[in-house]
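Q: This is the structure I have questions about; it appears just below.
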Amino acid sequence: MSQPNQTDAVSPQEPLSHAESRGIELIGAAERHGRARDLFAVWAAPSVSVLSFAVGASMILLGMELWQAFLVIIASGIPWLLTGLVAISGPAAGTSGSVITRAVYGVRGNRVVVAFYGWFISSVFLALNWLASSFMAAELLAQLGFTDPVLGPVLVTIVVAAITVLVAVFGHGLILRSYPMVAVILLAIFLLVTAFILPHVNWNYAPAESLQGVPLWSSMTVGFAILASSPLSFSNSPDMARYLPRSTKPSHIIAATALGGILPSTFFTAVGALLATGVDAAAMDLGIESALLALLPAWLGPIFVAGVIINTISLNGMTTYTASMAFQSIGIPIRRIPAAVVVGAIGTTLTIYLVMSTSLLEAVNLMLQLLILISGPTMAIFATDVIIRRNRYSGEDLFNERPGSPFWYTSGWHLPGLLAVILGGGTASLFLTSSLYTGPIAAAMGGIDLSVPVSLFVTAAAYALWTRFTRPRVNPKVADRETANA
């Protein structure tokens, strides 16, 4: 498949007066625009989240002391570097991450992986974030006299989902230009909420029974797995960077992406841990949304809920946008805008189910932990491929799906990629500790959860070794083109 030649010319950003019709198509040099630092706000706006409060509070509920919780929270920012690393493939290839991974899994293998992984990740995060805004808004409605425990969250979910899909329809231009303002608004609201939380913090907090030895390591590793699953799930980061000029420095892309996620999420997750020290267990049992609103003055409650909804729309708008392109990359004959509507409908359905069957804290912790078995290996293999190829991706070759093309491999399947990601997920499951399932090795170690490091190391090592010994022949013309594009 031929594509127009690309240069380093840069065009102005696309107008906001119409929806973005572009899907996974190659972005020519004349359509490239922006700077790496623009990505900071793109990732900061979704990271100023009530989910940070929720998972931060869960660190204390796991039995940790404050300093131990802070140590785990800080360490959980490290995986954001992988989010930044895979983002640099976007400008190099000029297309979405769900297309770039054809280099990892093969043309046909990629369809299977994206169909399973892409939809699972997208629906989980759509549901978790819509669930957060639904529970918060429903709690506020209950305080105002509307006490139906199901109808309230369902109505909020439907309205917020509709707005979210609208953001995804307008796409990259709207996200890039509106998210800096959204990040400032959310930061102001959440800092104001933090100011009312801090007076209730028990700075001398100590758990009823201090954990030591294996129980302590179990608590801290489970907490790390919950927190790390969020940045590891963002292997869609190339989608947000793909409009940048090819000449953009990779180090700047990595820094802007990683810092945009690390700084706000680390701060507000720490605030969530502090919140849990000043709220008794009975109040937390009613739900973190109830505990939060109880600490705020009446005038701030609606503002905070509005901030939660804005954050939900910003994060899920980006998720829906990238998921709609994943739809196209697996070969479904549908344009991006209808695909975004379908993604929204799937996420809404899952959210409504969760609203009627679980609490926010239970849903967040359980689903984020299980997510590791998929997000850990797929992020590890993507990052490893970027390193092995030195970020040399030819967009033209990625869109060549004919037998014999550079990424056709073995009948359309790249066995090293497929086997490595299965091995990584399967091995990690042996080391996972959760309320739903505990792997046999984790159980033998007293509940210590090593699913994150195991999934990353095993997948990366297996892929690097297998690709080294099974590296396919590369057409000299292809090699020359990849070198010229680097």
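The values are calculated or read from the model by the stated rules, or taken from the named source; none is laboratory data. The model shown is predicted, which means the values in this text are computed figures rather than measured ones. Cβ atoms come from the backbone with ideal geometry, glycine included; neighbour counts cover every protein chain shown.
Q: Quick test for you: out of 391, 400, pick the one residue that is buried (at least 18 other Cβ atoms within 10 Å of the Cβ) and touching a Phe, Trp or Tyr at 6+ places or on another chain (Cβ under 8 Å).
A: Working: 391 fails: touching a Phe, Trp or Tyr at 6+ places or on another chain (Cβ under 8 Å).
Answer to the check: 400.
Q: Shifting gears a bit: Would you check which residues across the stretch 448-480 are at pLDDT 50 or above, surrounded by fewer than 17 Cβ atoms within 10 Å (Cβ to Cβ) and either among the charged types (D, E, K, R) or in a loop (DSSP other than H, G, I, E, B) (or both) and list them?
A: Result: 468, 470, 471, 472.
Q: Also, quick follow-up: Scan the stretch 67-84 and give yes if some residue there is in contact with a Lys or Arg (Cβ under 7 Å, 6 or more places away or on another chain), touching a residue at least 40 places away in the same chain (Cβ under 8 Å), of a type in the set (Val, Ile, Thr) and surrounded by 24 or more Cβ atoms within 10 Å (Cβ to Cβ), otherwise no.
A: Initially, the stretch 67-84 is screened for residues in contact with a Lys or Arg (Cβ under 7 Å, 6 or more places away or on another chain), giving none.
Scanning the stretch 67-84 turns up no residue that is in contact with a Lys or Arg (Cβ under 7 Å, 6 or more places away or on another chain), touching a residue at least 40 places away in the same chain (Cβ under 8 Å), of a type in the set (Val, Ile, Thr) and surrounded by 24 or more Cβ atoms within 10 Å (Cβ to Cβ).
Every residue, every condition in (1) farther than 30 Å from residue 274 by Cα; (2) assigned to a loop (DSSP other than H, G, I, E, B); (3) out of contact with any strand residue (DSSP E or B) (no Cβ under 8 Å at 6 or more places or on another chain), yes or no:
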residue	(1), (2), (3)
54	no, no, yes
58	no, no, yes
63	no, yes, yes
69	no, no, yes
77	no, yes, yes
84	no, no, yes
116	yes, no, yes
127	no, no, yes
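Q: Of 219, 235, 230, 210, which residue is outside any helix (DSSP H, G or I), surrounded by 15 or more Cβ atoms within 10 Å (Cβ to Cβ), among the small types (Gly, Ala, Ser) and touching a residue at least 40 places away in the same chain (Cβ under 8 Å)? Quick ask: steps written out before the conclusion?
A: Details: 219 fails: outside any helix (DSSP H, G or I); 230 fails: outside any helix (DSSP H, G or I); 210 fails: surrounded by 15 or more Cβ atoms within 10 Å (Cβ to Cβ).
Matching residue, one of 219, 235, 230, 210: 235.
Q: Looking only at residues in the stretch 35-65 that are touching a Phe, Trp or Tyr at 6+ places or on another chain (Cβ under 6 Å) and of a type outside the set (Val, Ile, Thr), which one is surrounded by the most Cβ atoms within 10 Å (Cβ to Cβ)?
A: Out of the qualifying residues, it is 45.
Q: With the requirement that a residue be under 12 Å from residue 325 (Cβ atoms) and assigned to a helix (DSSP H, G or I), what does the stretch 89-108 give you?
A: Scanning the stretch 89-108 gives 90, 97, 98, 99, 100.
Q: To continue, here is another question. Quick check: anything in the stretch 137-147 out of contact with any Gly (no Cβ under 8 Å at 6 or more places or on another chain) and closer than 25 Å to residue 374 by Cβ?
A: Narrowing the stretch 137-147 to residues out of contact with any Gly (no Cβ under 8 Å at 6 or more places or on another chain): 144-145, 147.
Remaining after also requiring closer than 25 Å to residue 374 by Cβ: none.
Looking for residues that are out of contact with any Gly (no Cβ under 8 Å at 6 or more places or on another chain) and closer than 25 Å to residue 374 by Cβ, one finds none in the stretch 137-147, hence no.
Q: What are the residues in the stretch 127-180 that are closer than 20 Å to residue 341 by Cβ and of a type in the set (Phe, Trp, Tyr), if any?
A: Passing the criteria: 130, 170.
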